[in-house]
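Structure first, then comments.
The values are calculated or read from the model by the stated rules, or taken from the named source; none is laboratory data. This structure is a prediction, so every number in the text was calculated from the model and none was measured. Quick reminder, even Gly has a Cβ in these numbers, built from the backbone with ideal geometry, and neighbours come from all protein chains shown. All accessible areas refer to the heavy atoms of the entire protein, side chains included, with ligands and DNA or RNA removed. Shrake-Rupley method; radii C 1.70, N 1.55, O 1.52, S 1.80 Å.
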Amino acid sequence: MKFFWLHVVFGLAVLPAFCRDVPDSLLEQPLLNGPELRRELAGLQEEVRTRVAWVRTQEKDQMPLVMATCVGEEGYFLLKASEVVQLENYRLHASLEDEGFSMREVRRDTELDLLLVQLIAEEPDSLPPFEAVRWTPATLMSRGNWVCAAAITDPKSAALRPPDLRVGVISAGSRRIPGMGAALGIQMAGPEETAGSGLGEGVLIKSVAAESPAQQAGLRKGDLLQQVAGQAVADSKRVNEVVQKHQPGDLIVVQLLRGIKPLSVRVRLASRSRVLANWEGDDYANGGISIRTDAFPMVLQHDLPLHPQDMGGALFDLQGLALGINIARSDRISTFALPVEVFREKLEDWLEKDRHPPKAIPLR
Amino acid sequence: MRICVSVRLVMMVLLVLAGAPVGLVAAERGADVAAAGEVGADVAAAGEVGADAGASLAQLQWIQERVQRWYPKLNRSVVVLRSGDGTATGVVVSEDGLIMTAAHVTSKPGVKMAVVLPDGTFARATALGLDPTTDAGLAQLNDRETKWPFVRIQRYAGAVRPGQWCFALGHPGGWDAGRGVVLRVGRVLKVTANSLQTDCVLMGGDSGGPLFDVQGRLIGIHSQIWEGRQQNMHVSMAPFMRSWEAMKGSAVIQTWGTGSGGYLGLVPVSAEPFGVLVEDLVPESPAALAGLLAGDTVLRVGREEVQDDLHFAALIRARAPGERLRLQVKAAGGELRRVEVVLGQRPGEGVTE
């Protein structure tokens, strides 16, 4: 097992990693989020469970599993947009029993990273009624206020299980999280080095960051980038320019030359801040962090032990009223939630327009 | 493109923990009684909702009130410490600017550090003494004239028990004006001779930051994390109290040349009304070689009466390997006997240099 000092070091120094077994037995059961508290808060857990749902792909392994929050009785749910790219590949499960519902995109808001969907009825009027969250102002919350959320019991498994209740506190000041843009997670060679490789026009990849979009898409050291998102690239500056025009979560196509073989690869971009912080793959978040972790107009920060898959679920107070939507697992200690004030008006507007689309006025 | 890794954690081996000398533990208990009048009201309040260790809704509400009452007072004393290219946390514990932090933050006496105060202004501090084995460290704000806001210390480390509520403050990842001091609420999971383990989740930059009990008293200094979210380690007050004057005088505490003190090789369980029951023994260990048996109860170590398992661990680890020690033992059948034991060294702690 790895052991980390808390001391943070800036720079590129490569430090030795030592491994050693834990010498003393450590307690298995967390006290704050353990069974004791779950028993005590069983009513709250039920309340929270009825208002969230799971979303997963229809592929064989059915991963990933992410959370959604019910915001309208007619099957309207909010999700974290950057976690659910091609909606047609996913189904939403509102309970352990249902077969899963297909979804229709009502609104995708890339600024807030929110996706509003409605479940599609297989037959007219076949949708059961759903229980929408009841919102409460988040501005009243300050450091130390208890909050809770539903969390996927085992994020590594695609099995549907009742979500667990997690309890924690508002841990820091509400604030805007500026965006640092998107990144692929590659280190690129200069023009001479690329030319020296004799591969041709393009940009040579010198290294690929751990768990980065580039690594997940299968890009390798030695690949020659030729086109990024349809743009020809001749130097690293151009690659950065093209990538910076996109948001974390966007899918872009990268064309490259591997040896003499031309390849076309789809890459899902992540927040640049995430890629840089995790370059060497030290997953001090333990469970990973979200694809998009920044560029939010306002967030509540809390210390709930959640995973990236739990994003899209609502953040509740201990009365079971919703304060906002969990939007990004940011690091080992922080999860961000969009406070309801940020999206309430927009959401009402999207719902209103979808429920009552403008009617054609008959011509006389 | 140049890679710029902005934040990187240093991985190191675990330090095995040393123990607290007995005399001091007793002395500290006296000090705690003297200070109890000050916090008497708080203790009474805790009594209203049972102990301060459960997790009922009423308890959660009570904890929230406590934490929200203390946060605005305590966060004024939580500072960022920067030295070299690292960032960490410290907490001011006296009006003239004494700072408690982790030894791996100060690294050695005399090191100059930049301090970021909670309002964003800068000051300077100098590292004082440290105890590298337990990761306890002190520093001093260079400006001793300002009346610094400071926090109170729970001087008796033995008062901290597993299951009790606590909260952590710190500057994880470094200074962030919009975010401020970050709060985490949790419970004490484990208490050892020199450290505490809690589920207040820590990360890089929290090092040296304070852990408080719900009476707002300092009970720990953030030290280390393992991968697990429940694996957050803090230096307890024990090593600070043990070497307080020496560390203030810029001494580097070297309790043991190597390792973490004496080793017996038995599993102690607190017995009633005092002493520890030997639940199990490591074969060929000093305890086994001396003839101790599972089912024995150790009543005294030397002349000292053993209070409980923690006290026992502290008594053993406070002595050096090789020391000859007399134990008073009660067998399962009730007969008393004396056992002579020669303390060993914890397995795996041999001299490596």
Qualifying positions in the range B:195-220 - among the acidic types (Asp, Glu) and either part of a strand (DSSP E or B) or surrounded by fewer than 24 Cβ atoms within 10 Å (Cβ to Cβ) (or both): B:213
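Would you pick out the residues in the range A:85-101 that are closer than 19 Å to residue A:50 by Cα and either in a strand (DSSP E or B) or out of contact with any Cys (no Cβ under 9 Å at 6 or more places or on another chain) (or both)?
At the first step, the residues of the range A:85-101 found to be closer than 19 Å to residue A:50 by Cα are A:91-101.
Listed by number, the residues that qualify are A:91, A:92, A:93, A:95, A:96, A:97, A:98, A:99, A:100, A:101.
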Of the conditions (1) open to solvent by 20 Å² or more (accessible area, probe 1.4 Å); (2) part of a helix (DSSP H, G or I); (3) among the aliphatic types (A, V, I, L, M), the single one that residue A:363 does not satisfy is (2)
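For the range A:111-118, indicate whether the set of residues that are open to solvent by 60 Å² or more (accessible area, probe 1.4 Å), under 25 Å from residue A:289 (Cβ atoms), part of a loop (DSSP other than H, G, I, E, B) and in contact (Cβ under 8 Å) with a residue 40 or more places away in the chain is non-empty. So that I can check it myself, show each step before the final result.
To start, the set of residues in the range A:111-118 that are open to solvent by 60 Å² or more (accessible area, probe 1.4 Å) comprises A:111.
Now narrow it down to the ones that are under 25 Å from residue A:289 (Cβ atoms): A:111.
In the following step, the residues that additionally are part of a loop (DSSP other than H, G, I, E, B) were identified as A:111.
If we keep only those that are in contact (Cβ under 8 Å) with a residue 40 or more places away in the chain as well, we get A:111.
The answer is yes, given that some residue of the range A:111-118 is open to solvent by 60 Å² or more (accessible area, probe 1.4 Å), under 25 Å from residue A:289 (Cβ atoms), part of a loop (DSSP other than H, G, I, E, B) and in contact (Cβ under 8 Å) with a residue 40 or more places away in the chain.
Can you find a residue that is outside any helix (DSSP H, G or I), under 30 Å from residue A:144 (Cβ atoms) and open to solvent by 20 Å² or more (accessible area, probe 1.4 Å) anywhere in the range A:181-192? Don't jump to the end; show me each part of the working.
First, the residues of the range A:181-192 that are outside any helix (DSSP H, G or I): A:181-190.
Filter once more, keeping what is under 30 Å from residue A:144 (Cβ atoms): none.
Within the range A:181-192 (the criterion being outside any helix (DSSP H, G or I), under 30 Å from residue A:144 (Cβ atoms) and open to solvent by 20 Å² or more (accessible area, probe 1.4 Å)), the answer is no, since none of the residues qualifies.
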Residues of the range A:194-224 classified as in contact with a Ser or Thr (Cβ under 9 Å, 6 or more places away or on another chain) and assigned to a strand (DSSP E or B), total: 3
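When you go through A:272, A:266 one by one, which is the residue that is basic (Lys, Arg), open to solvent by 60 Å² or more (accessible area, probe 1.4 Å), in contact (Cβ under 8 Å) with a residue 40 or more places away in the chain and away from chain B (no Cβ under 11 Å)? Let's see the steps before the verdict.
Numbers: A:272 fails: away from chain B (no Cβ under 11 Å).
Selected residue: A:266, the only one of A:272, A:266 that is basic (Lys, Arg), open to solvent by 60 Å² or more (accessible area, probe 1.4 Å), in contact (Cβ under 8 Å) with a residue 40 or more places away in the chain and away from chain B (no Cβ under 11 Å).
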Conditions (1) more than 14 Å from chain A (Cβ to nearest Cβ); (2) crowded, with 18+ Cβ neighbours inside 10 Å; (3) in contact with a strand residue (DSSP E or B) (Cβ under 8 Å, 6 or more places away or on another chain); (4) at pLDDT 90 or above -> residue B:299 fails only (2)
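Out of the residues in the range B:266-289 meeting the condition of being open to solvent by less than 30 Å² (accessible area, probe 1.4 Å) and among the aliphatic types (A, V, I, L, M), tell me which one is farthest from residue B:254 (Cα to Cα).
Step one: list which residues in the range B:266-289 are open to solvent by less than 30 Å² (accessible area, probe 1.4 Å), which gives B:266, B:271, B:275-276, B:278, B:285-287.
Narrowing the set further to residues that are among the aliphatic types (A, V, I, L, M) leaves B:266, B:271, B:276, B:278, B:287.
On the way: B:266: 26, B:271: 33, B:276: 29, B:278: 31, B:287: 26 Å.
Here the answer is B:271.
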Note on residue B:189: of the conditions (1) open to solvent by less than 10 Å² (accessible area, probe 1.4 Å); (2) part of a loop (DSSP other than H, G, I, E, B), unmet is (2)
Go through the residues of the range A:122-131 one by one and say whether even a single one is within 13 Å of another protein chain (Cβ to nearest Cβ), modelled with pLDDT of 90 or more and surrounded by fewer than 23 Cβ atoms within 10 Å (Cβ to Cβ). no
Flagged pairs (Cβ under 6 angstrom, 6 or more apart or on separate chains; first in the range B:55-84, surrounded by fewer than 21 Cβ atoms within 10 Å (Cβ to Cβ) and at pLDDT below 95; second of a type outside the set (Lys, Arg) and part of a helix (DSSP H, G or I)) are B:56/A:40
As an exercise: evaluate residue A:332 against (1) crowded, with 24+ Cβ neighbours inside 10 Å; (2) modelled with pLDDT of 95 or more and give the number of the one condition it does not meet. (2)
Of all the residues that make up the range B:151-175, how many are facing another protein chain (nearest Cβ under 8 Å), closer than 22 Å to residue A:145 by Cβ and surrounded by fewer than 24 Cβ atoms within 10 Å (Cβ to Cβ)? 0
Could you tell me which residue of the range B:92-107 is surrounded by the most Cβ atoms within 10 Å (Cβ to Cβ), considering only residues that are more than 14 Å from chain A (Cβ to nearest Cβ) and touching a strand residue (DSSP E or B) at 6+ places or on another chain (Cβ under 7 Å)? B:99
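Give B:250, B:260 a once-over and let me know the one that is in contact with a Leu (Cβ under 9 Å, 6 or more places away or on another chain) and modelled with pLDDT of 90 or more. Spell out how you get there, then give the answer.
Details: B:260 fails: modelled with pLDDT of 90 or more.
Step by step, each of B:250, B:260 is checked, and only B:250 is in contact with a Leu (Cβ under 9 Å, 6 or more places away or on another chain) and modelled with pLDDT of 90 or more.
For the range A:150-170, state whether one or more residues are among the polar types (S, T, N, Q) and either in a helix (DSSP H, G or I) or within 14 Å of another protein chain (Cβ to nearest Cβ) (or both). It would help to see each step written out before you state the result.
Let us first name the residues in the range A:150-170 that are among the polar types (S, T, N, Q), namely A:153, A:157.
Subset that is either in a helix (DSSP H, G or I) or within 14 Å of another protein chain (Cβ to nearest Cβ) (or both): none.
No, every residue in the range A:150-170 fails to be among the polar types (S, T, N, Q) and either in a helix (DSSP H, G or I) or within 14 Å of another protein chain (Cβ to nearest Cβ) (or both).
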Which strands (runs of 3 or more DSSP E) does the range B:261-312 wholly contain that include 3 or more residues that are of a type outside the set (Ser, Thr, Tyr) and touching an Asp or Glu at 6+ places or on another chain (Cβ under 8 Å)? B:266-270, B:276-281
